[in-house]
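Engineer: I have a structure here, written as structure tokens, and I will follow up with some questions on it.
Any read-out appearing in this document is the output of simple, stated calculations on the displayed coordinates, not a laboratory observation. As the structure is a prediction and not an experimental result, all values here were calculated from the model. Cβ placement follows ideal geometry from the backbone for every residue including glycine, while neighbour counts extend to all protein chains displayed.
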């Protein structure tokens, strides 16, 4: 069974600077909650592009895990997708889309994922995984807000 997590937000900044921040593999650590003890081990490229491979290490409930992703989609200034090659999920495909909008840049994250272990994986998703992923992406949204604070709302003068 495949699950989908979707998050959309608008941040201040130019499309160029927001996209550039997200395509630096080392910035993943700043977007990941400390309780995961997430560490980028290496990347085949200093800035992601089609085919870039990135290896990470993290801890989930104290259990160390390795993870390797490959950038399987890339369109400069518009989108990229990382696909898990090895790690804790049966499937993980995370597409990042960026679009200039009034007041900044709209960022959309869409993650398609599936857990291993059949019925046991479905139970783990219902009891734990869904909530944990929401917490991880809530942390990510807050970290992005700190890095690219929202512009104050414009006042409209009525005459």
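Engineer: Work out, in µm²/s and without decimals, the Stokes-Einstein translational diffusion coefficient of region 1-92 at 37 °C, 0.692 mPa s, Rh from Kirkwood over C-alpha pairs.
Structural biologist: Answer, rounded: 229 µm²/s.
Engineer: How high is the relative contact order of region 3-147? Use alpha-carbon pairs under 8 Å, at least six apart in sequence, and give a whole percent.
Structural biologist: On the way: 265 pairs, mean separation 37.3, N = 145.
Value for region 3-147: 26 percent.
Engineer: I'd like to compare 113-123, 27-37, 88-98: which one has the highest average count of other Cβ atoms within 10 Å, and what's the full order after that? It would help to have the intermediate numbers written out before the result.
Structural biologist: Numbers: 113-123: 13.5, 27-37: 15.2, 88-98: 17.0.
Result, highest mean Cβ count within 10 Å first: 88-98, 27-37, 113-123.
Engineer: For region 20-60, what is the largest minus smallest coordinate of the Cα atoms on each principal axis, given in angstrom and ordered from greatest to least?
Structural biologist: Reported extents, whole Å, longest axis first: 29, 18, 11.
Engineer: Another one. Efficiency by 1/(1 + (r/R0)^6): what FRET value for residue 139 and residue 5, r their Cβ-Cβ distance, R0 = 22 Å, to the nearest 0.05? Write down the numbers at each step before the final one.
Structural biologist: Values: r = 13 Å, r/R0 = 0.61.
Rounded to the nearest 0.05, the efficiency is 0.95.
Engineer: On to the next question. How much length is gained on full extension from residue 112 to residue 17, taking 0.36 nm per residue of separation minus their Cα-Cα distance?
Structural biologist: Values: separation 95, 0.36 × 95 = 34.20 nm, distance 2.62 nm.
Working it through step by step, the gained length comes to 31.6 nm.
Engineer: While we're looking at this one, here's another question. Checking a compactness column here: for region 48-159, what do you get for Rg(Cα) / (2.2 N^0.38 Å), N being the number of residues?
Structural biologist: After normalising by residue count via 2.2 N^0.38 Å, the value is 1.34.
Engineer: Also, I was wondering about something else. I'd like the orientation of helix 130-147 relative to the chain: the angle between its Cα long axis and the longest Cα principal axis, in ° from 0 to 90, rounded to 10.
Structural biologist: On a 0 to 90 degree scale, this one is about 40.
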